[in-house]
1. Please name whichever of P74, S111, V139 sits farthest to the positive end of the charge dipole of region 53-151, dipole taken about the Cα centre and charges placed at Cβ: Lys and Arg +1, Asp and Glu -1.
2. DSSP loop (so not H, G, I, E, B), at most 15 other Cβ within 10 Å: list which chymotrypsin sites (Phe, Trp or Tyr not before Pro) in region 10-106 pass both filters.
3. Please state the shape class of region 96-151: rounded when a/c is under 1.5, otherwise prolate if a/b exceeds b/c and oblate if not, all from the C-alpha gyration tensor.
4. Could you put R44, R56, R150 in order, starting from the residue whose Cβ has the fewest other Cβ atoms within 10 Å?
5. What shape does region 58-120 have by the C-alpha gyration tensor, where a ≥ b ≥ c are the square roots of the eigenvalues, rounded means a/c under 1.5, and otherwise prolate means a/b greater than b/c and oblate the rest?
6. Rank the residues D120, D4, D83 as a footprinting-exposure proxy: fewest other Cβ atoms within 10 Å of their Cβ go first.
7. About its Cα centre, how strong a charge dipole does region 6-115 have in debye, to the nearest 20, once Lys and Arg get +1 and Asp and Glu get -1 at the Cβ?
8. List every residue whose amide H lies under 5 Å from the amide H of T132, counting only residues 5 or more places away in sequence or on a different chain, with H placed 1.01 Å from N in the peptide plane.
Amino acid sequence: MVKDSMLARGEKVIFRAHSHWKAMVGPVIVVLLAVAAVNFALLRLVPDPATQAWQRWTIVILATVLALWFGLWPFLAWFASTDTLTTRRLISRRGVFSREGREIPVDRVQSVSYRRTLLDRMLGCGTLVVQTAGETSDVELYDVAHLERRLLQVQELLLHDEIPAEGNPPVDGEPEPEPAPGPEPGADDEHGADGEPDART
């Protein structure tokens, strides 16, 4: 995660986000299946702790290793991987122990697009494709949550303007300009339309 101390002077964070939670469905299923398999094996296959101790311990250890490798490790990788958009950069961070990072200055971004499957449309996520100047290939951010809102926020930076969207405030945080004040009530009673005093008085 990009800390505030790593930002340049005047640089503001627009959003920080992990990938969509659908990436955690597989690991959760693996952990649940491992727990169910251990319970079945201990209660049905090797139920005697006295004569089948080493078999029982072998099953528990194997199930624990599988749960850690296919359950806990993907969660740590998901938690440690973030995408951050600031007023100056698009920052991507990946990895738990060995870190991989990429930063794209906003002024080098030429266009943004997206791809999404039917499941992505149902879950509100997708792949955000960022095309930059001088790059041989596009930069792709996978499983971006709230894809449409993130796309609007990137486009706002490129256009230097606010795109109306529910729950999406202006990037610079400035309030909308107030309408110019009209003529004071009763002004036409004493003056004509051209501002001169009424001849009737």
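1. Farthest towards the positive end: P74.
2. The qualifying sites are F97.
3. Numbers: a/c = 2.25, a/b = 1.34, b/c = 1.69.
Since a/c reaches 1.5 but b/c is at least a/b, the shape of region 96-151 is classed as oblate.
4. The fewest-first ordering by Cβ neighbours comes to R44, R56, R150.
5. Numbers: a/c = 4.99, a/b = 2.14, b/c = 2.33.
Oblate.
6. Details: D120 18, D4 8, D83 23.
Least to most surrounded, the residues fall as D4, D120, D83.
7. So the magnitude is around 440 debye.
8. Q110, V139
Only the coordinates and a few stated rules stand behind these numbers; no lab work does. No experiment lies behind these values; they were computed from the predicted model shown. In this analysis, Cβ positions are derived from the backbone assuming ideal geometry, glycine residues included, and neighbour counts consider all displayed protein chains.
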